[in-house]
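Reviewing the structure listed below.
The values are calculated or read from the model by the stated rules, or taken from the named source; none is laboratory data. Quick caveat: nothing in here was measured; it's all calculated off a predicted structure. Cβ placement follows ideal geometry from the backbone for every residue including glycine, while neighbour counts extend to all protein chains displayed. Side chains included, ligands, DNA and RNA excluded: accessible areas come from the protein's heavy atoms. Shrake-Rupley method; radii C 1.70, N 1.55, O 1.52, S 1.80 Å.
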Amino acid sequence: MTNKLKVIEYDIIYLSYDEPNAERNYADLCQKVPWAKRVHGVKGSDAAHKACAELSETDRFITVDGDNTINEKFLQEEITVDGDLSNCVISWAAKNQINGLIYGNGGLKCWPKEYVLNMRTHEAADPNNQH
């Protein structure tokens, strides 16, 4: 099965909590993506990502972490992937503006909505499950 994902076809959701530049970065995103949605101030990664999934109107959604800005070229991205993507998250690395390092924490991610709604991260794990 070949899947072609076009960034422009998915909801883009700005996910922020208490980042110092959150408002400036959100304003920047809204200039580039006027239809962007926002989830702000939700405590816990699990709950915050589920809030994004609930807000999304598309079968996948893209999160932009609150300490990130996007390059407008990102909106033109098209990815072709073979295989079932129903449980796969696509991640774009972020460049840390302080130290110049590029890594996968934060950044931009394309999530399958149903996967997020049903996932159980460490924050929502069954406390009786010792494995």
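Name the single residue, out of those in segment 48-79 being among the β-branched types (Val, Ile, Thr), assigned to a strand (DSSP E or B) and at pLDDT 95 or above, that is nearest to Leu29 (Cα to Cα).
Val64
Across segment 1-47, what is the number of residues that are part of a loop (DSSP other than H, G, I, E, B) and open to solvent by 60 Å² or more (accessible area, probe 1.4 Å)?
Of the residues in segment 1-47, 8 are part of a loop (DSSP other than H, G, I, E, B) and open to solvent by 60 Å² or more (accessible area, probe 1.4 Å).
Kindly check whether there is at least one residue in segment 112-125 that is small (Gly, Ala, Ser) and in a strand (DSSP E or B).
Scanning segment 112-125, I find no residue that is small (Gly, Ala, Ser) and in a strand (DSSP E or B), so the answer is no.
Could you list, in sequence order, all residues of segment 69-86 that are under 20 Å from Leu15 (Cβ atoms) and without any contact (Cβ under 8 Å) to a residue 40 or more places away in the chain?
Asn71
List every residue pair whose Cβ atoms sit under 6 Å apart, with the two residues 6 or more apart in sequence or on different chains, where the first one lies in segment 39-53 and is acidic (Asp, Glu) and the second, anywhere, is assigned to a helix (DSSP H, G or I) and surrounded by fewer than 19 Cβ atoms within 10 Å (Cβ to Cβ).
Filtered contacts from segment 39-53: Asp46/Glu123; Asp46/Ala124.
Count, please, the residues in segment 83-119 that happen to be open to solvent by less than 90 Å² (accessible area, probe 1.4 Å), within 18 Å of Phe61 (Cβ to Cβ), polar (S, T, N, Q) and over 11 Å from the mean Cα position of the chain (by Cα).
1
Go over the candidates Glu114, Glu57 one by one and state the one that is more than 19 Å from Asn3 (Cβ to Cβ) and of a type in the set (D, E, K, R).
Numbers: Glu114 fails: more than 19 Å from Asn3 (Cβ to Cβ).
Going through Glu114, Glu57 in turn, the sole match is Glu57.
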